[in-house]
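Q: Below is one structure. I have some questions about it.
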Amino acid sequence: EDISPEVGSVPDLPPTDDMWDLVFSSEAGATCDDNQLLGGEFAVDKFYITGGNNGGSPNKVYILNADGSYNTEFDQWSSAGWGWRDLAYDGTYLYGSDDYTVDAFDLDGNSVPGMNITGPYSPCRALAYDPVTDHFWTASFSSPIYEFDRSGAVIYTGSSGLTAIYGMAWDDAAPDGPWLWIHDQTGGCVIHQYDPINHTLTGVSYTLPLLPGSTSQIAGGLFMTDEWDPGWHLLGGVTPVSYTHLTLPTN
């Protein structure tokens, strides 16, 4: 498992869900026949899930329909190690990283090298995109958090205090936002709210309970979408190795 060295053991958590509603989950590992699923995004009407191809080569991106059923897949052309981790979506292109380069590709899986970005860290594991500033955010396990633009220039960097960051999602829908949501492996799957203006954790967090059929889980990629259901802004994530989930804050 691609786990932060600081994370320690993964606890088994009771199946409670009293903070947020779980509105969808899918055993994507079985659907994709890949036990190394890492990151994800939802774009237009499909899930895009990065996978390590069971330790084989090449690494993969799996495209699933909105109900979690298999649609198609394509090979990653950047083949280092586990491949791309978390994904980000700017409304046109998807982005993923396994080294300093943030690779861009279209929704059909075609490389768009002209949109590639040299990121501030290797890999740019967690990725989120802010459409207002046209900036990206990243971190990797215990690394600092970085805000950077398309030229690769670092706008901000600083510690979050977290040690096992894997995924990020940008939230510009909340009336008291914007917020950056962070998927952290410490404690299994914990989603933290981060203030990107004042550069601090807000103290709001949520521990995802065990998903159906799972005995343990660890945080992977994270995303936010209003395209899965136009009536909601939903946080979605991957809990390697099997599940894709969507959660809805209830407060």
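Q: Where Lys and Arg each count +1 and Asp and Glu each count -1, what net charge lies around Phe24 among other residues with Cβ under 11 Å from its Cβ? Write down the numbers at each step before the final one.
A: Values: positive: none; negative: Asp21, Asp67, Asp229.
Local net charge: -3.
Q: Summing +1 for each Lys or Arg and -1 for each Asp or Glu, what net charge is found among the other residues whose Cβ lies under 15 Å from the Cβ of Gly114?
A: Local charge sum for Gly114: -2.
Q: Going by the alpha-carbon gyration tensor, a ≥ b ≥ c the square roots of its eigenvalues, is region 152-251 rounded (a/c under 1.5) or, if a/c is not under 1.5, prolate (a/b greater than b/c) versus oblate?
A: oblate
Q: How many Å³ per residue does the convex hull of the Cα positions in region 56-114 occupy? Mind dumping the intermediate values first?
A: Numbers: hull volume 5.5 nm³, N = 59.
So the per-residue hull volume is 94 Å³.
Q: First obtain the Kirkwood hydrodynamic radius of region 24-133 from its Cα pairs, then insert it into the Stokes-Einstein equation at 20 °C and 1.002 mPa s, and state the resulting D in µm² per second as a whole number.
A: This corresponds to a translational diffusion coefficient of 155 µm²/s.
Q: Here's something else I'd like to know. What does the helix-only formula give at 222 nm for the chain: each DSSP H stretch with n ≥ 4 adding -39500 (n - 2.57), the total divided by the residues, and the result rounded to the nearest 500 deg cm²/dmol?
A: Estimated from H runs of four or more residues: -500 deg cm²/dmol.
Q: Given springs between every Cα pair under 10 Å in a Gaussian network model of the chain, which of Gly40, Gly213, Gly237 has the largest fluctuation?
A: Result: Gly213 has the largest fluctuation of those listed.
Q: Leaving out ligands, DNA and RNA but keeping every protein chain, what accessible area does Thr202 have, in Å² rounded to the nearest 10, with a 1.4 Å probe?
A: About 60 Å², ignoring ligands and nucleic acids.
Q: Right, here's the next one. Taking the solvent-accessible surface of protein heavy atoms with a 1.4 Å probe, what is the per residue accessible area of the chain in Å²?
A: 39
Q: Could you let me know the centre-to-centre spacing of region 26-53 and region 124-153, using Cα atoms, in angstrom?
A: Result: 22 Å between the Cα centres.
Q: How high is the relative contact order of the chain, in percent, counting Cα pairs under 8 Å that sit 6 or more residues apart?
A: Details: 700 pairs, mean separation 56.4, N = 251.
RCO, the chain: 22 percent.
Q: Continuing with this model, one more query. Can you send over the carbon and sulfur percentage of the accessible area for the chain, probe radius 1.4 Å, protein chains only?
A: The computed percentage sits at 49.
Q: Which value, in Å² and to the nearest 10, is the accessible area of Glu27 when all protein chains are kept and the probe is 1.4 Å?
A: 90
Q: Could you point to the label whose value was computed as semi-axes √(5λ) of the Cα gyration tensor in Å for the structure here, given (i) 56, 22, 16; (ii) 22, 22, 18; (iii) 37, 25, 15?
A: (ii)
The values are calculated or read from the model by the stated rules, or taken from the named source; none is laboratory data. Everything quoted here is computed from the prediction, not taken from an experiment. Cβ atoms come from the backbone with ideal geometry, glycine included; neighbour counts cover every protein chain shown. Accessible surface areas use protein heavy atoms only, side chains included; no ligands, DNA or RNA. Shrake-Rupley method; radii C 1.70, N 1.55, O 1.52, S 1.80 Å.
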